[in-house]
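The values are calculated or read from the model by the stated rules, or taken from the named source; none is laboratory data. All values derive from a computational prediction rather than experimental measurement. Backbone-built Cβ (ideal geometry, glycine too); neighbour counts: all protein chains shown.
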Amino acid sequence: MPLIYGGFGLVLLALWIFCLFDVIITAEQDCRNLPKGLWILIVLFLPEIGSILWLVAGRPQTVTRPGGPPYKGDTGRFPEYDRPGRFVPSNPDDDEEFLRRCRERAEEQRRAYHERQQQTEKNQDE
């Protein structure tokens, strides 16, 4: 019997920690029904009830995280198809403009190096 209670206690602890972190990382404007600070206090001081209340009444229904997929569900869209006619190659070797600029920059660096070498040799000869 203590094993069952211990397991249940671990599940409640994990739920409490999850909800506490979830409240903390949720943006203020995304919290439902109460201000974020009050939700933190509720989840912190009423672990079991506060966690369940957060999941039911406070947690945002859908949140998109910047740079990642939606918090819940999938949009089913591919953002690269939203820009027709504009293809951004994933491999720099496929981008001719990038390669041309790299060649030009390398040539400028070579030219500057040779000029510095000639200037150094000229200074040493004097």
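Might you let me know whether the range 117-124 holds any residue that is outside the structural domain of Val11 (by TED's automatic domain parsing), among the β-branched types (Val, Ile, Thr) and either at pLDDT below 90 or more than 30 Å from Leu10 (Cα to Cα) (or both)? Before you say what the answer is, go through the steps one by one.
Step one: filter the range 117-124 for residues outside the structural domain of Val11 (by TED's automatic domain parsing), giving 117-124.
So of that shortlist, the ones also among the β-branched types (Val, Ile, Thr) come out as 120.
If we keep only those that are either at pLDDT below 90 or more than 30 Å from Leu10 (Cα to Cα) (or both) as well, we get 120.
Checking the range 117-124: at least one residue is outside the structural domain of Val11 (by TED's automatic domain parsing), among the β-branched types (Val, Ile, Thr) and either at pLDDT below 90 or more than 30 Å from Leu10 (Cα to Cα) (or both).
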Note: among Ile17, Ile4, just one is assigned to a helix (DSSP H, G or I) and exposed (fewer than 11 other Cβ atoms within 10 Å of the Cβ), namely Ile4
Between a residue in the range 21-45 that is closer than 10 Å to Gly58 by Cβ and any residue that is in a loop (DSSP other than H, G, I, E, B) and of a type in the set (S, T, N, Q), which pairs come within a Cβ distance under 8 Å, given they are 6 or more apart or on different chains?
Arg32/Gln61; Lys36/Thr26
